[in-house]
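Engineer: Shown below is the structure under consideration.
The values are calculated or read from the model by the stated rules, or taken from the named source; none is laboratory data. Because the structure is predicted, anything quoted here is derived from the model rather than measured. Cβ: placed from backbone, ideal geometry, glycine included. Neighbour counts: every protein chain shown.
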Amino acid sequence: MERALYTATLVRKLCLSEPAQCFHLEFSVGELAEFDFAPGQFVSLVADDPSGKSHTRAYSLASAPRGNQFDLCVNRVQGGFFSNLLADLEVGGTVRFHGPHGMFLLRQPLTDSILIATGTGIAPMRGFAQALFPQSSPRAGEDRSEGREIWLVYGTRYPSEIYYRDEFERLAERHANFHYIATLSRPHESWEGGRGYVQEFVEKIAVEHAASHAPVGSAKAEATVAEGAGFNIHAYICGLNEMVSANRETLKRLGWERKQIVFERYD
């Protein structure tokens, strides 16, 4: 069965990082009154290069559902056909796509969650955060997190590559159960945030969470505590394979089970 193709028109474009050539792109789908998707899913863009060869590339949606609109977060990649096409797209330009696709979704019932990302892996995490803590009408200010503790751990090399930093810092100020950690692997002396790799912070969160949920009087806190047939915490990881693997190994070493660790890699 052939997939339905839609046309998305670029309505807003922001440069998130000039050095990294990272862009925030907002699209509108004219054929649809509503573009319905689940936060964490992706769309597949389709286009022909100058030689007529067709290319398809998947991009995580960087927003929660918003009428007939969706957002993408895209880095320019040297020699990359689609990344350059999107980075050079001007407001009013169009792209063809099909979707939504994917199962990188918040598990239900919702639990305490560690969102872990590097680079443009922040895209689905922004969708999760917008869904849990809506900031736009008609649900602005509503808390859909059910009181769960949500950590967002974002790692990169330099401050200029911390995408959506102001947005997440404001969210953490407004919601006591949303915790935002940005860590740099190559920090300068004046940097006052986290230093090191994301898995170091993830391990600390997991260990402290386990200790705080350990049964009273227990001699040892396991890294996960069963709640019936489920778990009381999940991790969601998105980024390059090396980072994804490092965090999976860290959590498995702490006793986490496979179903607690949800991941998507884009290399």
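Engineer: Which one is farthest from A182 (Cα to Cα), of the residues in segment 115-147 that are in a loop (DSSP other than H, G, I, E, B) and among the charged types (D, E, K, R)?
Structural biologist: Within segment 115-147, the match that is farthest from A182 (Cα to Cα) is R139.
Engineer: While we're looking at this one, here's another question. When segment 148-185 is examined, which residues are found to be surrounded by 13 or more Cβ atoms within 10 Å (Cβ to Cβ) and either at positive phi or part of a loop (DSSP other than H, G, I, E, B) (or both)?
Structural biologist: Passing the criteria: R148, E149, R157, Y158, I162, Y163, Y164, H175, N177, S185.
Engineer: For the condition modelled with pLDDT under 95 and either in a loop (DSSP other than H, G, I, E, B) or out of contact with any Leu (no Cβ under 6 Å at 6 or more places or on another chain) (or both), what is the one hit in H209, H188?
Structural biologist: Just a single option satisfies the conditions, and that option is H188.
Here is a yes/no grid of residues against (1) in contact (Cβ under 8 Å) with a residue 24 or more places away in the chain; (2) more than 15 Å from the chain's Cα centre (by Cα):
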position	(1), (2)
L89	yes, yes
G93	yes, yes
I114	yes, no
A117	yes, no
T120	yes, no
M125	yes, no
Q130	yes, no
S136	yes, yes
R139	no, yes
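Engineer: Can you name the condition, by its number, that L5 falls short on among (1) surrounded by fewer than 18 Cβ atoms within 10 Å (Cβ to Cβ); (2) closer than 21 Å to Y266 by Cβ; (3) in contact with a Lys or Arg (Cβ under 7 Å, 6 or more places away or on another chain)?
Structural biologist: Exception for L5: condition (2).
Engineer: Okay, next question. In segment 103-114, which residue that is part of a loop (DSSP other than H, G, I, E, B) and out of contact with any Gly (no Cβ under 6 Å at 6 or more places or on another chain) is surrounded by the fewest Cβ atoms within 10 Å (Cβ to Cβ)?
Structural biologist: In this case the residue turns out to be Q108.
Engineer: Then there is this: Tell me which of these L25 doesn't satisfy, since it passes every other one: (1) assigned to a loop (DSSP other than H, G, I, E, B); (2) at pLDDT 95 or above; (3) not small (G, A, S).
Structural biologist: Of everything listed in (1) assigned to a loop (DSSP other than H, G, I, E, B); (2) at pLDDT 95 or above; (3) not small (G, A, S), L25 misses just condition (1).
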